[in-house]
Each structure stands twice: as structure tokens, then as C-alpha cells.
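The values are calculated or read from the model by the stated rules, or taken from the named source; none is laboratory data. What you see is a predicted model; the values in this text were computed from it and never measured. Heads up, the Cβs are rebuilt from the backbone with ideal geometry, glycines too, and the neighbour counts pull from every protein chain shown.
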Amino acid sequence: MAYQYSKGWYLQELKKMGIYHHPVDKRKLESYKTFVIRNLYFEKTNKNEQKG
């Protein structure tokens, strides 16, 4: 179990969505820094959009 919003947590959530490799570089997600994985997570979940 990973701490919420840690690199491991983002990896778990992306793998639940079926994303195992970066969509552009095609490398494993584990090889990227946390900020890259975090941005990919927010891109895929659209949680960073403001509603209004």
C-alpha cells in the first residue's frame, strides 16, 4: 500500500486504468520522476479542470 499522492500511489492508479507505459516515449512508468507521472494521472483523469 502506498501513501496517497506518492509516486507509488499514482502508479497504482494508472495501472488500475490499464496504463503501464508512457503514451509518447513507450517506456515503463516506473522509470519516470514523480512529477511526470502525476501530470499523466491528472491528464487521464481530468481532475485538474475547473468547473464553473
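Among residues of region 1-20 that are at pLDDT below 95, none has a beta-carbon under 9 Å from a residue that is exposed (fewer than 10 other Cβ atoms within 10 Å of the Cβ) and assigned to a helix (DSSP H, G or I) at least six positions away or on a different chain.
Beta carbons closer than 8 Å, at least 6 apart along the sequence or on distinct chains, pair a first residue in region 30-47 that is closer than 13 Å to I19 by Cβ and surrounded by fewer than 12 Cβ atoms within 10 Å (Cβ to Cβ) with a second that is at pLDDT 95 or above and not β-branched (V, I, T) for E30/L11.
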